[in-house]
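Engineer: So that we are looking at the same thing, I have put the structure below in structure tokens.
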Amino acid sequence: MQPALSVHALSKRFGDRVAFNDVSFEVGRGEVFGFLGPNGAGKTTTVRTLGTLIAPTSGSALVAGIPLIPENAVEIRRRISIMPESPGLYLRLSVIENLECFADLYEVPEPHKRIARALHAVKLDERARDLCGALSKGLRQRVALARALLNEPQVLFLDEPTSGLDPAATRDVHELITALSHSGVTIFLTTHRLEEAERLCDTVAILNTTLRMLGPPAQLRTQLFATTLAVRTRLPLPDPDRVFNGLPSVEAWRRDGMGSYSLTVSDPTIAAPAVTRALVAADADVLSIGESLHSLEDVYLELVDNDANPPLGRS
Amino acid sequence: MKTTRVRAVLRKELREYRHNGNIIYAMAVVPLVFIVQPLVEIFTLKTSAALTLRHEDSLLYLLAIPALAPAMLASYGIVGERDQGTLEPLLATPIRSDELLAGKALAAFVPSLAIAYGIFGVFVAITELFARPAVAAALVRGPEVIAQVVFTPLLAGWSTWVGIAISARSKDVRVAAQLSALASLPLVAVTSLTAFGVIHATLRFAVICGVALLVLNRLALRVVASAFDRERLITGAK
Ligand SMILES: Nc1ncnc2c1ncn2[C@@H]1O[C@H](COP(=O)(O)OP(=O)(O)OP(=O)(O)O)[C@@H](O)[C@H]1O
Ligand SMILES: [Mg+2]
């Protein structure tokens, strides 16, 4: 099946400033694709470029199966929708008037049914007649999300959809994203919330002008970090060197605190039993042995911090 | 060009005017003030003045209204959307530049036309009712009324397009409004000079002006649409 998004060596420059450079990835239909990166990494610019709002400087892409060229812009925009960083509602109009305008612009059939469904999806049925200017920031954000659902897009670009939302509203948006992806909508999600990306996304890309990493969240973790075993004993080991150094499955170890050790291992399923036996043989009172998982946050910070402080000698 | 999308923009604009009713009143107030003094003068004119009036085209003075009225609304059209941050979601829909511009132009043109015709109607009605009959007859003559009816939409159309073009290139709402008003002044000058007899209003002059305005109005959409730079509007400095 043709991917929903296929991006090849895409770049955008504003004069001398490079917004993003040489970005390539593919997103399958119905996938949730997380696009992470620090402020100014080029996320919004990428969304705008793929959404035909601005033209790439070089590179090519297929968006919703259509080549990203100026002649196809209208057809692409028909099949996608974008929820931008700031909602951009007509504040003097009511929620429903805002949605009616966009339903007409998308020429959707049976606009009133679509509008009702979109409002229901973001739980705003009760506020349909309110003026947008009288809504709180989070509610405005939800109107913008409803607006992006009107044309039943094949690809939905969400630029930080949960920034500024309360926990319950955030959960609602997460549920909506999951439901949409189950119904076959491809979601392109930019976010600064790493736990959100970890929970929702099939694939995650970390961008910092160039693409720094790409893959399922679990894979990024193992790619970047060796597996570690966390060991805790009731009393500190008198001679931990003797216990750990003799084990072939343990590559390195370090002390994390009183009776607490981190072991770098290649395969935890071999290392854990061996470590347990060695500790028992050394007469230690073992409190716990467990694999410690790196979060996506660790991965992200590792990459982004490295970019911010490049090691000496790197160009 | 899809009329559904043009209509969607027009309807949205008209709804915004309705929610913000002051806009249209504000647009009507200035031209109303503009006709008070001439009306007062007309009431005081003696029958003997009719003879000179008959040889002047004073009524054309009212054509300054359609030449000026669209400036405010039209100049807000694009830069206003940008200012409110609503342009990006709008341009992310399948709307084409010419559809957006046509909707915006109609939204400035329609109320301006209504105001210009409305005020002209009020002026004529008051003159007929309260001025001396000879004065009224000398002032409100067939050719003058026809010129008014024909030139009102032509002038309003042109002024609308100038305002929209300025709006699409401006960074600031206030600058756009001032520039548009300024850009309407040449038209006001021509209509006023004609009204005061400096330019002699012949049929030939009227036809040339009429055809020129018609052609300009027909070309305007294409010209403004081709100069409409979506990328600059979204990413350019505000
Ligand atoms: N119109 C513009 N002109 C010049 N430079 C721009 C323009 N828009 C964006 N940039 C630059 O391009 C880079 C990427 O910006 P972009 O808005 O895409 O970042 P982002 O990843 O969305 O950041 P954030 O997380 O803060 O939203 C930044 O360095 C930014 O300053
Ligand atoms: Mg951004």
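Engineer: Can you tell me which residue among B:Ala114, B:Ala92, B:Ala138, B:Ala134 is within 26 Å of B:Thr3 (Cα to Cα) and in contact with a helix residue (DSSP H, G or I) (Cβ under 7 Å, 6 or more places away or on another chain)?
Structural biologist: The match here is B:Ala92.
Engineer: From A:Ala230, A:Ala218, A:Ala252, grab the single residue that is away from ligand 1 (no atom under 16 Å from the Cβ), surrounded by fewer than 17 Cβ atoms within 10 Å (Cβ to Cβ) and in the same structural domain as A:Val32 (by TED's automatic domain parsing).
Structural biologist: Checking each option against the conditions leaves just A:Ala218.
Engineer: Here are some residues: B:Glu99, B:Glu41. Which one is in a helix (DSSP H, G or I) and open to solvent by 30 Å² or more (accessible area, probe 1.4 Å)?
Structural biologist: B:Glu41
Engineer: Filter the range B:203-238 down to the residues that are at pLDDT below 90 and of a type in the set (D, E, K, R) and list them by number.
Structural biologist: B:Arg204, B:Arg218, B:Lys238
Residue-by-condition table, conditions (1) of a type in the set (A, V, I, L, M); (2) within 9 Å of ligand 1 (Cβ to nearest atom); (3) under 27 Å from B:Ile95 (Cβ atoms):
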site	(1), (2), (3)
A:Leu5	yes, no, yes
A:Lys12	no, yes, yes
A:Glu26	no, no, no
A:Gly30	no, no, no
A:Ala41	yes, yes, no
A:Ile54	yes, yes, yes
A:Val63	yes, no, yes
A:Ile80	yes, no, yes
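Engineer: Picking from A:Asp130, A:Asp104, which residue would you name as being facing chain B (nearest Cβ under 8 Å), among the acidic types (Asp, Glu) and at negative phi?
Structural biologist: Criteria check complete, one pass: A:Asp104.
Engineer: Can you say whether A:Leu89 is within 11 Å of chain B (Cβ to nearest Cβ) and crowded, with 19+ Cβ neighbours inside 10 Å, as far as the supplied structure shows? Walk me through it before giving the result.
Structural biologist: Details: within 11 Å of chain B (Cβ to nearest Cβ): yes; crowded, with 19+ Cβ neighbours inside 10 Å: yes.
So A:Leu89 fits the description; yes.
Engineer: Given the conditions (1) more than 14 Å from chain A (Cβ to nearest Cβ); (2) of a type in the set (A, V, I, L, M); (3) under 16 Å from the mean Cα position of the chain (by Cα), which single one is not true for B:Ala49?
Structural biologist: Every condition holds for B:Ala49 apart from (3).
Engineer: Count, please, the residues in the range B:185-198 that happen to be open to solvent by 40 Å² or more (accessible area, probe 1.4 Å) and over 19 Å from B:Leu139 (Cβ atoms). Write out each step before concluding.
Structural biologist: The first filter runs over the range B:185-198 and keeps only residues open to solvent by 40 Å² or more (accessible area, probe 1.4 Å), leaving B:185-186, B:189-190, B:193, B:196-198.
Then drop every residue that is not over 19 Å from B:Leu139 (Cβ atoms), which leaves B:185-186, B:189-190.
Looking only at that region, the number is 4.
Engineer: Which residue is farthest from ligand 1 (Cβ to nearest atom), if the candidates are limited to the range A:156-191 and must be closer than 15 Å to A:Leu5 by Cα and within 12 Å of another protein chain (Cβ to nearest Cβ)?
Structural biologist: Only one residue fits best here, namely A:Leu156.
Engineer: What do you reckon, is A:Leu62 farther than 21 Å from A:Pro216 by Cα and within 16 Å of ligand 2 (Cβ to nearest atom)?
Structural biologist: no
Engineer: Here's a follow-up. I'd like the residue in the range A:40-59 that is free of Cβ contacts under 8 Å to residues at least 40 places away in the same chain and within 16 Å of ligand 2 (Cβ to nearest atom) and, out of all such residues, is surrounded by the fewest Cβ atoms within 10 Å (Cβ to Cβ).
Structural biologist: Of everything passing the filter in the range A:40-59, A:Gly40 is surrounded by the fewest Cβ atoms within 10 Å (Cβ to Cβ).
Engineer: Just a yes or no: is a residue in the range B:131-144 at pLDDT below 90, open to solvent by less than 20 Å² (accessible area, probe 1.4 Å), more than 22 Å from B:Ala220 (Cβ to Cβ) and within 19 Å of the chain's Cα centre (by Cα)? Working first, answer last.
Structural biologist: First pass over the range B:131-144, keeping only residues at pLDDT below 90: B:131-144.
Right, trim to open to solvent by less than 20 Å² (accessible area, probe 1.4 Å) and you get B:131, B:135-136, B:138-139, B:144.
Now drop any that are not more than 22 Å from B:Ala220 (Cβ to Cβ), which leaves B:131, B:135-136, B:138-139, B:144.
Pick out the ones that are also within 19 Å of the chain's Cα centre (by Cα) and you get B:144.
Looking for residues that are at pLDDT below 90, open to solvent by less than 20 Å² (accessible area, probe 1.4 Å), more than 22 Å from B:Ala220 (Cβ to Cβ) and within 19 Å of the chain's Cα centre (by Cα), one finds at least one in the range B:131-144, hence yes.
Engineer: While we're looking at this one, here's another question. Conditions: (1) at pLDDT 95 or above; (2) farther than 22 Å from A:His192 by Cβ; (3) not hydrophobic (A, V, I, L, M, F, W, C). A:Pro3 meets all but one. Number of the miss?
Structural biologist: (1)
Engineer: Right, something else. Is there a residue being among the charged types (D, E, K, R) and within 16 Å of ligand 2 (Cβ to nearest atom) anywhere in the range A:202-218?
Structural biologist: Checking the range A:202-218: not a single residue is among the charged types (D, E, K, R) and within 16 Å of ligand 2 (Cβ to nearest atom).
Engineer: With the checklist (1) within 16 Å of ligand 2 (Cβ to nearest atom); (2) in contact with a Cys (Cβ under 9 Å, 6 or more places away or on another chain); (3) open to solvent by 20 Å² or more (accessible area, probe 1.4 Å) in hand, flag the one item A:Glu31 doesn't pass.
Structural biologist: (1)
Engineer: Tell me, which strands (runs of 3 or more DSSP E) wholly within the range A:169-246 include 3 or more residues that are within 16 Å of the chain's Cα centre (by Cα) and in contact (Cβ under 8 Å) with a residue 40 or more places away in the chain?
Structural biologist: Ranges flagged: A:186-190, A:203-208, A:210-215.
Engineer: For the range A:133-142, does any single residue satisfy the condition of being in the same structural domain as A:Thr52 (by TED's automatic domain parsing), within 29 Å of A:Val74 (Cβ to Cβ) and of a type in the set (Ser, Thr, Tyr)?
Structural biologist: no
Engineer: Out of B:Arg141, B:Arg54, B:Arg132, B:Arg96, which single residue is within 14 Å of chain A (Cβ to nearest Cβ) and basic (Lys, Arg)?
Structural biologist: Only one candidate qualifies: B:Arg96.
Engineer: Does A:Glu71 meet the test of being open to solvent by 60 Å² or more (accessible area, probe 1.4 Å), more than 16 Å from ligand 1 (Cβ to nearest atom) and within 13 Å of chain B (Cβ to nearest Cβ)?
Structural biologist: Criteria met by A:Glu71.
Engineer: Restricting attention to the range B:57-96, and to residues there that are of a type in the set (D, E, K, R) and over 24 Å from the mean Cα position of the chain (by Cα), which single residue is surrounded by the fewest Cβ atoms within 10 Å (Cβ to Cβ)?
Structural biologist: Out of the qualifying residues, it is B:Arg96.
Engineer: Would you say A:Ser81 is modelled with pLDDT under 95 and within 11 Å of chain B (Cβ to nearest Cβ)?
Structural biologist: On the way: modelled with pLDDT under 95: no; within 11 Å of chain B (Cβ to nearest Cβ): yes.
Taking the combined requirement at face value, the residue does not satisfy it.
The values are calculated or read from the model by the stated rules, or taken from the named source; none is laboratory data. Because the structure is predicted, anything quoted here is derived from the model rather than measured. Positions of Cβ are backbone-derived with ideal geometry, glycine not excepted, and every protein chain shown enters the neighbour counts. SASA here: full protein model, heavy atoms, side chains in, ligands and nucleic acids out. Shrake-Rupley method; radii C 1.70, N 1.55, O 1.52, S 1.80 Å.
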